Every structure is written in C-alpha cells, then in structure tokens.
1. Which one of Lys102, Lys35 is modelled with pLDDT under 95, among the basic types (Lys, Arg) and open to solvent by 40 Å² or more (accessible area, probe 1.4 Å)?
2. Which residue pairs have Cβ atoms under 8 Å apart, sit 6 or more places apart or on different chains, and have a first residue in the range 68-89 that is closer than 10 Å to Met53 by Cβ and a second that is polar (S, T, N, Q) and in a helix (DSSP H, G or I)?
3. Please go through (1) of a type outside the set (Gly, Ala, Ser); (2) modelled with pLDDT under 95; (3) within 18 Å of Arg86 (Cα to Cα) for Ile142 and return the number of the only condition it doesn't satisfy.
4. In the list Gln123, Gln129, which residue meets the criterion of being open to solvent by 10 Å² or more (accessible area, probe 1.4 Å) and under 11 Å from Gly181 (Cβ atoms)?
5. Look through Ala79, Ala42 and report the one residue that is within 29 Å of Asp157 (Cα to Cα), of a type in the set (Gly, Ala, Ser) and surrounded by fewer than 18 Cβ atoms within 10 Å (Cβ to Cβ).
6. Restricting attention to the range 131-185, which residues are in contact with a Gly (Cβ under 9 Å, 6 or more places away or on another chain), part of a loop (DSSP other than H, G, I, E, B) and farther than 24 Å from Val62 by Cβ?
7. When residues of the range 64-73 are filtered for being open to solvent by less than 50 Å² (accessible area, probe 1.4 Å) and touching a Phe, Trp or Tyr at 6+ places or on another chain (Cβ under 6 Å), how many remain?
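The values are calculated or read from the model by the stated rules, or taken from the named source; none is laboratory data. Please read all numbers here as calculations on a predicted model, not as lab measurements. Don't worry about glycine lacking a Cβ; one is built from the backbone with ideal geometry, like all the others, and counts go over all protein chains shown. SASA here: full protein model, heavy atoms, side chains in, ligands and nucleic acids out. Shrake-Rupley method; radii C 1.70, N 1.55, O 1.52, S 1.80 Å.
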Amino acid sequence: MKKQLSTEQHTELISILKVRFEKNMNRHQNLVWDKVQAKLDASPEKMWSLDEMETTGGEPDVVDYDEKTNEYIFYDCSAESPKGRRSICYDHVALEARKEHKPENSAINMAAEMGIELLTEKQYRALQQLGNFDLKTSSWIITPPAIRKLKGALFADRRYDTVFVYHNGAESYYAARGFRGSLRV
C-alpha cells in the first residue's frame, strides 16, 4: 500500500494543520509553524499517518517538541474520541477471542495500520492539561503487560472535571469508546 499523499492531499492537509495550529496556540506556545511545516514537508510517510488521523476524526495537532530527538509530537485533539475509531476492542488477541458480535477491528491494530501509537496514561493526562477532552466518550490507552496478561485493558475519560483511568475486559467495545493516537515527526 502506498503510504504517501498526492501533492493536492499534502497541500490540503498542511492547510488544515496550519489553521488548527494557529487556532490553538495554547497547545504549543513556544513552537513556530514554519519549523513544524518544514519537518512535515520532509516526512511523506508521517504526513500519510497524519492524514489517517485526520480522516478518522482525530484532529491531530502539535502538542510538544522533543529537543533530544528533534521531533514534533502530534496527538489527536478532537473534543471526543475520534468517531472513525470507535466500537473497537483493545487488541488483536481480544478481537480473536470474541466468539460473537466481533467488532470490525481493534485499537492496537488500527494504530499500527495508521503508523501511530495509542496514548499512554501519562500522555493522556498531559493532553487533558491542554483542554477538556472525552467529556462524553472514552479512549483506550496503552495497557501495562501485567494487566493485559490477565485479559484486562485500560481506558480513560474526563468526567466531573477529573481525568479517570478505568479497566475493562480487552474484548469489550462500546459505541462511545475509541482511541487517541500520537505521532512523532
């Protein structure tokens, strides 16, 4: 599969990302768009991944810069868990374990196909410092191996002005639960 956007798609996505960047300066106060765009222009596969984030409803935006690796960090910043990534279980093992009413996919599989990673609990909490996210939905987050080994998985949301991290069976899926991703460019 070709993981590169056409020139027109690239230009359109750059425009969307620039408008979002300028509209939400609180997410990246010390960053400069021209430097972000230079990295994006030099990273066609990462642009493809950002487009996947965008088309599934994630509204990706720059949230940080890692000086050690010289990478900009994008998170899904949609108000609610991305609509095109809901009604999925946690991972492939959970998907295969379902005998009836299997969801179409899993969060871990979709993230891998998109070239992104699920947010960790630490990243999810950092995102919540930038705004109020998942007030009506919830998002799967990376689950520690010890919990996953016991067939559990973690998800998080924001209710009562507080970020909650919960557990559920990894096989479960709900119309209001998806996942948020991160991407380094």
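1. So the residue among Lys102, Lys35 that is modelled with pLDDT under 95, among the basic types (Lys, Arg) and open to solvent by 40 Å² or more (accessible area, probe 1.4 Å) is Lys102.
2. Within 8 Å, the pairs are Tyr75/Gln123; Gly84/Thr55.
3. For Ile142, the failing item is (2).
4. Details: Gln129 fails: under 11 Å from Gly181 (Cβ atoms).
When all the criteria are applied, what remains is Gln123.
5. Checking each option against the conditions leaves just Ala79.
6. Thr143, Lys151, Ala170
7. 1
The rows are residues; the columns are (1) open to solvent by less than 80 Å² (accessible area, probe 1.4 Å); (2) part of a helix (DSSP H, G or I); (3) touching a Leu at 6+ places or on another chain (Cβ under 7 Å); (4) among the aromatic types (Phe, Trp, Tyr).
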position: Gln9; (1), (2), (3), (4): no, yes, no, no
position: Glu12; (1), (2), (3), (4): no, yes, no, no
position: Val19; (1), (2), (3), (4): no, yes, no, no
position: Leu31; (1), (2), (3), (4): yes, no, no, no
position: Glu52; (1), (2), (3), (4): yes, yes, no, no
position: Val62; (1), (2), (3), (4): yes, no, yes, no
position: Tyr75; (1), (2), (3), (4): yes, no, yes, yes
position: Ser87; (1), (2), (3), (4): yes, no, no, no
